[in-house]
Structures are given as structure tokens and as C-alpha cells.
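Here is the structure we will look at.
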Amino acid sequence: MENAYDYIVVGGGTAGPVVATRLTENPENSVVILEAGKENIKEAMNYVNGVGQMWAEDTNWGFMSTPQKGLNGRKLMQPRGKVMGGSAAINIGSWSRGTAINYNSWNIADWDWETILKWYLKIENSDRGANEFRGADGPMKLETTPEGTYMTQIFKQACLELGLGATEDLNAENNEGFDVWQCIYKNGTRHNTIHNYLNGARLRSNLSIETEAFVSKVIIENGKAVGVEYFKDGKYQTIKANKEVILCTGTFATPKILMLSGIGPAAYLESLNIKVHKDLPGVGENLADHLRTDIGVTAPDGVGVSLRANAEDPKQLEEWRKTGYGPLSVLENTSASFFKSSPDVPVADLELMFNINAPVEWGKEPTKNAGYHIDIGLVQPKSKGTLHLASADPKDSLLINPNYLSDKEDIQLYIKGIRKALEFFNSKALKPFTDHSTITLSIDSTDAEIEDYIRNRAESIYHPVGTAKMGNDDDPLAVVNNKLQVRGIEKLRIADASVIPNLISGHTMAPTVLIAERAADFIRKI
């Protein structure tokens, strides 16, 4: 092997910069980050309304799901960031941690809510200030979406009117009720883990960063991870790890790299002529994701905002450049309300997200019309899917099958969520802004009509987890233990959303940062 580092961090997305920054705080540790994408030099990825970069070919891997039986055979976009900063460079940026019940339900030692909360308090730098649930001195800068946005106030009134209530903080122990988002923005500019962690460490002599370095596999010798193979500058190269390899490549790429390295379901790997180093049946299994279905109205009379019109207006771009404010600093997905489908369920299983822009068919250019829409999210789905290799070629496509709505209970729950959303359009608060002729459904729609609408329109919220799940010794699908170490392979650890065993009633960026911080801490304590 040509070069050697103590730690190889594979992936420069959300988790990798955290792990590398923490490990290089010890000047005796040498660390390299290998990232398949480029450095982020695109201005549009820095302002709040630059989330359209989610669909840009140069910063997105361009994954698609397999045809989904539960969605009438449709293939769904599965964007993942291919750039330093990863998916947190192209996402909405909401910081939504989930609830105490979510983490306690994992039933994994040292991952209970009491332990988790202490870490979130250390991580956060919230503009809401410190309290028993929130941190204000950590590296992650979090900014509250302005509640004064006119339509946001209307959404809040509707939530109160319809009995969903309001909460002082969506990141409290219980997140039910309306609140505006906190996001990874500061003064109108995106601050992901590149800004909040890595940029302060770039000049350290013990840190190296290799971009456009596509990792194909971990090199395993005698049950130990000794390095990685990667493709850069037109050729395959290798790097040796003196101490550990840490995979931070996410829910899709991490199981891919594991399987290409000979770690995964033995019979499946053998069918692809991949030498098996460790039979781990859970690699690529247990895939779970959040679904969203939107209902909304266009309103040419000026209700809401037009993302496309804002982005094309040079005056607004110039205002953002000079001040960090203006329409390009306004998040269109301003707020949300998590709620229970019935009093009997232990945790919020549905989410309403309120958007001050006209409905957008995801993956297509936003309309120039103004308007608003409500996204209905299924946040505790029971359906589970798989991720498989198309072949043993590292550059070949992936077979991503989230298996959406395969569990019958999910569609029944989703119909309840849609019905709750439809109540909003007839509420006293929203009715004056609603042209019902532009809405396909109504409160009188049958369950069959709503189900058809869901299966024809639902899209991913892009929160995949679970394909290298963390679990206890008696869990046959567990890939890593509670220290995030890959079972049966020494010197190999995973620190990304693939280890999350079950979806939270929240979004997945916050727990990914948490997992990365904890991975670095586990390593430092060896």
C-alpha cells in the first residue's frame, strides 16, 4: 500500500467531517478523509433557497429506487449529496432530533434518551438558548425559521383551531404540536458540518482530504480492516489504516462498500463471486424511509412565494450576497406539526410540513406561480426494504428497494394523515386562501380515492436508514454493536445513518451528527 494513516474516514458528507475533526484534535493521530465528490464551490448551495441543488447532476448521485409495487410501479428519486458536506449540502436543513421514546425503543445500551440528550446538549449551538433540552455552546449553529412569515402564522392558527396545538420546541422531549423549524443556517447561509466542524480543522497538519476519491472496498486481511481501495485520477489506489477504517458513506453507499468488501449475506455475495470475509445477513436489509405526499394550491394573487422567481431575480441574489437576507434567505418549508394518529400510539407517527410555496413535483423545476402546500409525512412506517448490488462492479448501479407501503397498516395510517391535512383547507384560518378547484381531494373523498392519490403522488422525504443497523448480540440483523464496530471484523467502524435501527419521529440529519460525535468518542476512549 502506497500511503498510511492512523484513521481512514470514508465519506466527507455529514458524519465524516465530524469524525475527522474530533480525531485530529489529538495531534498524534493522522487522519485522511476520502470523498467521492468535489469541494463545494457552488454559491447556490449556500443560500437557504438553494435546495434545488438536490437535483443537480454534479452534486447528486442520482439514485433511483426500483419500481415500487406500493406506489403503482413508480420509481422514486433517492438523491444523495455527491459533494463535500454530502446530503446536508443539498437538503432543506431542518434539525429535528426525534423524541425520547424513539431512542429508548431501540433498547440498546448507552443509546437511551438520557445519554443521547447529553450529547445533543454538547452538539447544539441553538439561537433559542440553553435549557434542559437544548444546547447553546456546541459547534452546530442552529437558526430558528422566522415565525413572522405571514402564511406561517396562518398555519399556526389552523393547527390551534384543529386541535393539534403548538409546542415551544420541536426538539423537546415530546415534539407534538406546531413549531417553526430550526435549521442549519446562520444569517441566511447554510452551515453544515463542513462549516461547523471541518473548516476549523483544515489547517491541521495531521489531516488530509482527498476529493474525487471513489472508495470501492475495504481491504480485509485475517478478519481485520487494514486499508481501503479507491479510484482517483483514472486508476485504483490503496491506503493503509494503522488503527481503524470508519465508514461514513450513508445508508446506500455503506452497505454497498461492505458487500463489495466481502461483508454481508454470504450466499448472496457468493452468487456475485465476491469472496466472503464475514457473513452478516443484516447488511443491506432493514431499509426504512419517510414518505411524503403533498396537497396544495397555486395562488397567482401573491399568496406565498415563488422559489423559481426568487432564484432568477438578480436583485434578490445581490441582496443575499450583501446582507445574507432577502427572499433567498427564506425557507419555504417553514414549519411542521408532528402528531399521533390516535391517543393509543406511543409516539407521533404522522407529520404535517407547512410550505409557503406552490406545490412542486419533486425533481422538476419549481413553478413561477405562488401558493402554498402541506406535506403529509409518514414518520413511523412499518414497511421495510432492501439495498442490493446490481453486480460486483463498484461503478455499477444499486438496487434500492424501500418497499414503500408494503405493510397494510402504513396505508391505513397514511389515509388518516391525508384526512387531517384536508381539514386544514376548510379551517377558518386557511379557507380564505384556498381555491378548492385546484385541490384533487376533499374532505368528502373516499378512502379508496385517497389511497389512489397517495400511491400515485407520494415521494420520499429522503431519510433512508437502517441498512447496517446497530443492535444487540441476539439481533440476527445487527451489523454493528453499540460502539458502532462491525461485528466480526476488527478495526472497522460505521458512523452514519445506516446504523439507525428504526426511523425516528423527526428527520435524520441531527441523529447522524450525534452518531458521528459518539463514534469519535468511542475511538478516543480505546
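What follows draws every value from the coordinates through simple rules; no lab data is involved. Since the structure is predicted, the reported quantities are computational estimates derived from the model, not experimental observations. Cβ coordinates were reconstructed from backbone atoms using ideal geometry, including for glycine residues, and neighbour counts include every protein chain displayed.
Would you mind counting up the charge near SER383? Only other residues with Cβ under 11 Å from its Cβ, with Lys and Arg at +1 and Asp and Glu at -1. Can you show the working numbers first?
On the way: positive: LYS69, LYS382, LYS384, LYS408; negative: ASP289, ASP407, GLU409, ASP410.
Neighbourhood net charge equals 0.
Under a cut-off of 21 Å between alpha-carbon atoms, report the lysines in cross-link reach of LYS431, not counting same-chain residues fewer than 8 places apart.
Filter leaves LYS156, LYS416, LYS420.
Can you pull the Kirkwood radius for region 421-502, inverse mean 1/r over Cα pairs, to one decimal in Å?
Averaging 1/r across every pair of different Cα atoms and inverting gives 16.7 Å.
Net charge around GLY93, counting only other residues with Cβ within less than 13 Å of its Cβ (Lys, Arg = +1; Asp, Glu = -1)?
+1
Got a sec? How would THR21, THR66, THR152 order by Cβ neighbour count within 10 Å, fewest to most?
THR66, THR152, THR21
How many angstrom separate the Cα center of region 209-225 from the Cα center of region 438-457?
48 Å
Rg and Dmax in Å for region 185-253, alpha carbons only: what are they?
Gyration radius and largest Cα-Cα distance of region 185-253: 15.3, 51 Å.
Go through LYS217/LYS278; LYS122/LYS340; LYS278/LYS384 and tell me which ones have a Cα-Cα distance over 20 Å in this structure.
Details: LYS217/LYS278 14 Å; LYS122/LYS340 29 Å; LYS278/LYS384 23 Å.
Correct reply: LYS122/LYS340; LYS278/LYS384.
Just the number, please: Stokes-Einstein D of region 90-209 in µm²/s, Kirkwood Rh from C-alpha pairs, 10 °C, 1.306 mPa s.
99 µm²/s
Hey, could you get me the Stokes-Einstein D for region 55-100, Kirkwood radius over alpha-carbon pairs, 4 °C and 1.567 mPa s, rounded to whole µm² s⁻¹?
D = 105 µm²/s.
On the principal axes of its Cα set, how long, how wide and how thick is the chain? Give whole Å, largest value first.
Its Cα atoms span 68, 51, 45 Å along the three principal axes.
Based on DSSP H assignment, which helices of the chain show an axial Cα extent of at least 20 Å together with a mean Kyte-Doolittle hydropathy greater than or equal to 1.6?
none
With +1 on each Lys and Arg Cβ and -1 on each Asp and Glu Cβ, how big is the dipole of the chain about its Cα centre, in debye rounded to the nearest 20?
980 debye
Please give me the summed charge of the neighbours of ASP127: other residues whose Cβ is under 9 Å from its Cβ, Lys and Arg +1, Asp and Glu -1. Let's see the in-between values first.
On the way: positive: ARG128, LYS141, LYS186; negative: GLU143.
Net charge in that neighbourhood comes out at +2.
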